[in-house]
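Colleague: Structure provided below as structure tokens; questions to follow.
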Protein chains: 2
Amino acid sequence: MQKIDLVVSGPHFYTMAGPGVGYQPDRAMAVDRGRILAIGSQAEILASYQAERHLDATDQAVLPGFIDAHMHTAEAILRGLAQDTSHWMMYGLGPFAEVLESSQGQAAREVGTQLAFIEAIRTGTTTFGDFGNGMDSVCRWVEKVGVRACITVTIREAVRRIYQPGELYEFDADMGRRSLTENLEVMEKWQGGAGGRIRVLFGPQGADFVSREMLLEVRRLALEHQTKIHMHTQQGDRETAQIMKRYGQRPIVWLDDLGYLDSNLLAVHLTDANEEEAALVAQRGASMVLCSGSIGIIDGIVPPAHAFQKAGGKVALGSDQAPGNNCHNIINEMKLTALFNKIRYTDPEVMPAWKVLRMATIEGAEALGLGQEIGSLEEGKRADFILLDLNKPSMTPLYSEPMRNIVPNLVYSARGDEVTTVVVDGRVVYEHGKIQTVNESEILATAQGLAQGIGVAASKRFWEIDGSNAHFMREGKL
Amino acid sequence: MQKIDLVVSGPHFYTMAGPGVGYQPDRAMAVDRGRILAIGSQAEILASYQAERHLDATDQAVLPGFIDAHMHTAEAILRGLAQDTSHWMMYGLGPFAEVLESSQGQAAREVGTQLAFIEAIRTGTTTFGDFGNGMDSVCRWVEKVGVRACITVTIREAVRRIYQPGELYEFDADMGRRSLTENLEVMEKWQGGAGGRIRVLFGPQGADFVSREMLLEVRRLALEHQTKIHMHTQQGDRETAQIMKRYGQRPIVWLDDLGYLDSNLLAVHLTDANEEEAALVAQRGASMVLCSGSIGIIDGIVPPAHAFQKAGGKVALGSDQAPGNNCHNIINEMKLTALFNKIRYTDPEVMPAWKVLRMATIEGAEALGLGQEIGSLEEGKRADFILLDLNKPSMTPLYSEPMRNIVPNLVYSARGDEVTTVVVDGRVVYEHGKIQTVNESEILATAQGLAQGIGVAASKRFWEIDGSNAHFMREGKL
């Protein structure tokens, strides 16, 4: 008998192999040194391998871990401070983001990241697509907490200040250079880091936030470093207005002329893209990240992911940020994606449960270019998986005939606490109601301790800006 | 010192009194014989009353219990069996509903109700608007589990069989008479039952399912019994087609001519109503129940609740049924209501968090005609309230300056397990992770035990109908 690290056995495996959900009943999976060695009948696997640890998934389902492809985790410290408002970035997030980006905000950003990861791990996320600055400390955290991450450093030349409507952003080439250098440094230090769990991408914030020259340089570097460009793409009417004014074209058309739409691009949001533009991006071979909750709250818009898929593109899901989503929970994103698209098309058959589960797993992995490594439970892939408690009221009862209802119940009924166990790279990161690698209650207490100072520092600007939430506070509605 | 049953004290009370959320910091609430005696400073209340039980809500928020105004709880036994399909009632629910409505389904219906209540209590629901048949056993269950309910018996004359498109329903006057008699019997036996916690309404299933004469008789009886008519109203294009064919008018216009739109009517769904029709119903004084999740899944439609409110109407929330929602969780309904309406109007300021929280509490109570008794925490009202854990990751961090973020986090981030304690009529129904009045694990096991038989019995029809979910099973997508 071969000695290995881990075996998991149970009645319901959703491997996500093949074109559907890859359901296999009564299976066991052998895991060693972070990799899936074999999936087979329980008798066969248990007779072939002697595992140091046996996870018994009776009354549970086994699935690949979820992929959250686009997050701004640091901002979790601002949960619930920016929603129900127009001009979200300026009127909602603005006063708080200023404080968070100042030196005063550094510690808060770090604990914000930790808070976001805690929330997401507990709801089954194993791969984190974090986007922002200060990524060296995020990488150290990823290493410690034990998850997988695609790390993107924000590259930006547009000076951060209030712009009048129609005013072109002012570019600061030195600032852009510094942010590109930061991206390269993080790449140098962390590409393949944390035992191979970290991958670093390039992150121009958007075609409107950097110059044409910077975009082209990033593209050259991405090809050289064989990694992707993770970029907000036609993310709203503000971007469209900037690119129209600067170059006389809509963003996607302009990016296409620049040769930017290809398999190196992970295009986030496409909020202001029409279906033809979305289809063009897909046809050129780029992938998309859909942040349903965030774009729903911030813009009241359902991005054209369905058109993107119909054109052959792969779409991953993302939770974006807690001030304006307001949570990092991929089960929530699956549900909202299914429902929002049914509403967009007035068609209950659009985006069925199995489809959005694929977006949260194998299709998401493919979108990130990690389809060979994660996203499904198959021999040779990394062992990122979760167990789901089928005895929770939200998952009860369980049918197997004439149809199985586990997938629809996961997507439309589950809340998050059905996830009992989270394994990344063969290591149990979460079980028995606790993340095993870090002290959660300490982190929550630190987050709480730092929040009040952020709020006090943001107070003057909050009342000056006088947005919806200022009105609501005055009117006794919060 | 006056001896009383219960005091609850804590830093954050959302009383829902007044036009906003009625926030009061550092309060205590005195409860005796099911009623709120006083809310005041902790010093004042603790000095005036000696309580048998003191609920310490440190690190928690205190809110009124949630009101779920429209449910078909028995169908929870069919969770996850009917979604992602067009013609939901026929192709999705059809094969399973047939079995559930047969004599074989009786036990399954009862345990379905119990399952729905368990799920909903755990997410903070204290008032249950159940609609269906077999209500005598539901009332016994309400009495036992200890919650509040508005019970409606389905009155129906339309024969249950498959109809061709455009074919008028066949009416069976005897069947209608029997269902009306059942409604009257339940009213006779249970009106004011379970210590005053049960209220019984009249339930014509819809203007298309009963004759004009039956509608008028129900109206006469509702006035005589001083109770409301709880009716699916313009709930879809199928109803519109029936009423157009039978009477030559759209349902709401026809009901208005019949004198049916007044404060006695609780109009459910309005799925196929335009904004003018919704406004008319509101202007006539009727209330509305909005089932966002259910109508989103079943029809891909956002009903015109926003127009209803703008016309001065009160709107309650409802979770409808688990095969086609697929959960009974009012936090989910609040979130979907806010997001769906932002999307319907492409406006992030529509349906802010405080507004949907009012719909789940005081506005819902007013819609049901119970605004004097429940829906807010005020002296003289019944003591229906919940405690919410603010130390969960989903609610962290907590800000009080410059704005409080508890309400947005409850609506947009909470999942349900933030609810730690549920009190109905002054009695603790749920705490320490357990419903105190019934054996939950026994109920879940019974539900699981009965489900398989339902599935087997429905199997032949399921494959004959060959709907989306049959396709998905064959294609390995479930």
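The values are calculated or read from the model by the stated rules, or taken from the named source; none is laboratory data. Computed from a prediction, not measured in an experiment: that's the story for all the values here. Neighbour counts run over all protein chains shown; Cβ positions are idealised from the backbone, glycine included.
Colleague: Across region A:299-322, which residue is surrounded by the fewest Cβ atoms within 10 Å (Cβ to Cβ) among those that are more than 14 Å from chain B (Cβ to nearest Cβ) and over 15 Å from A:HIS70 (Cβ atoms)?
Modeller: So the residue we want is A:GLY312.
Colleague: Among the listed residues A:GLU275, A:GLU213, A:GLU217, which satisfies the condition of being surrounded by fewer than 19 Cβ atoms within 10 Å (Cβ to Cβ) and either within 23 Å of A:PHE340 (Cβ to Cβ) or not assigned by TED's automatic domain parsing to the domain that holds A:LYS355 (or both)?
Modeller: Being surrounded by fewer than 19 Cβ atoms within 10 Å (Cβ to Cβ) and either within 23 Å of A:PHE340 (Cβ to Cβ) or not assigned by TED's automatic domain parsing to the domain that holds A:LYS355 (or both) holds for just one of A:GLU275, A:GLU213, A:GLU217, which is A:GLU275.
The rows are residues; the columns are (1) more than 30 Å from B:GLY248 (Cα to Cα); (2) at pLDDT 95 or above; (3) touching a Pro at 6+ places or on another chain (Cβ under 8 Å).
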residue	(1), (2), (3)
B:MET187	yes, yes, no
B:GLY195	yes, yes, no
B:LEU201	no, yes, no
B:LEU215	no, yes, yes
B:LEU223	no, yes, no
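Colleague: So is B:LYS392 in contact with a Pro (Cβ under 9 Å, 6 or more places away or on another chain), facing another protein chain (nearest Cβ under 10 Å) and among the basic types (Lys, Arg) or not?
Modeller: no
Colleague: Then there's this: When you look at A:GLY22, is it in contact (Cβ under 8 Å) with a residue 40 or more places away in the chain and within 13 Å of chain B (Cβ to nearest Cβ), yes or no?
Modeller: Judged against the criteria, A:GLY22 is a match.
Colleague: How about region B:46-64: which of its residues are surrounded by fewer than 21 Cβ atoms within 10 Å (Cβ to Cβ) and either hydrophobic (A, V, I, L, M, F, W, C) or free of Cβ contacts under 8 Å to residues at least 12 places away in the same chain (or both)?
Modeller: Within region B:46-64, B:LEU46, B:ALA47 meet the criteria.
Colleague: What's the number of the only condition in (1) in a helix (DSSP H, G or I); (2) under 30 Å from A:ASP257 (Cβ atoms); (3) of a type outside the set (Ser, Thr, Tyr); (4) facing another protein chain (nearest Cβ under 8 Å) that A:GLY296 fails to meet?
Modeller: (2)
Colleague: Continuing with the same structure: What pairs come out if I take residues in region B:228-239 that are in contact (Cβ under 8 Å) with a residue 24 or more places away in the chain and surrounded by 24 or more Cβ atoms within 10 Å (Cβ to Cβ) and pair them with residues that are in a helix (DSSP H, G or I) and of a type outside the set (A, V, I, L, M) whose C-beta lies under 6 Å away, six or more apart or interchain?
Modeller: Matching pairs, first to second residue: B:GLN234/B:PRO251.
Colleague: Please note which helices (runs of 4 or more DSSP H) are completely contained in region A:199-275 and include at least 2 residues that are of a type in the set (S, T, N, Q).
Modeller: Qualifying helices (runs of 4 or more DSSP H): A:237-247.
Colleague: Give me a count of the residues in region A:448-477 that are closer than 11 Å to B:TYR399 by Cα, at the interface with chain B (Cβ under 7 Å from one of its Cβ atoms) and touching a helix residue (DSSP H, G or I) at 6+ places or on another chain (Cβ under 7 Å).
Modeller: Of the residues in that region, 1 qualify.
Colleague: Listed residues B:LYS381, B:LYS342; which is crowded, with 24+ Cβ neighbours inside 10 Å, charged (D, E, K, R) and either over 17 Å from the mean Cα position of the chain (by Cα) or more than 13 Å from chain A (Cβ to nearest Cβ) (or both)?
Modeller: Result: B:LYS342 is the single residue among B:LYS381, B:LYS342 that is crowded, with 24+ Cβ neighbours inside 10 Å, charged (D, E, K, R) and either over 17 Å from the mean Cα position of the chain (by Cα) or more than 13 Å from chain A (Cβ to nearest Cβ) (or both).
Colleague: From the list A:ILE331, A:ILE362, which one is more than 8 Å from chain B (Cβ to nearest Cβ), more than 22 Å from B:ASN325 (Cα to Cα) and buried (at least 24 other Cβ atoms within 10 Å of the Cβ)?
Modeller: A:ILE362
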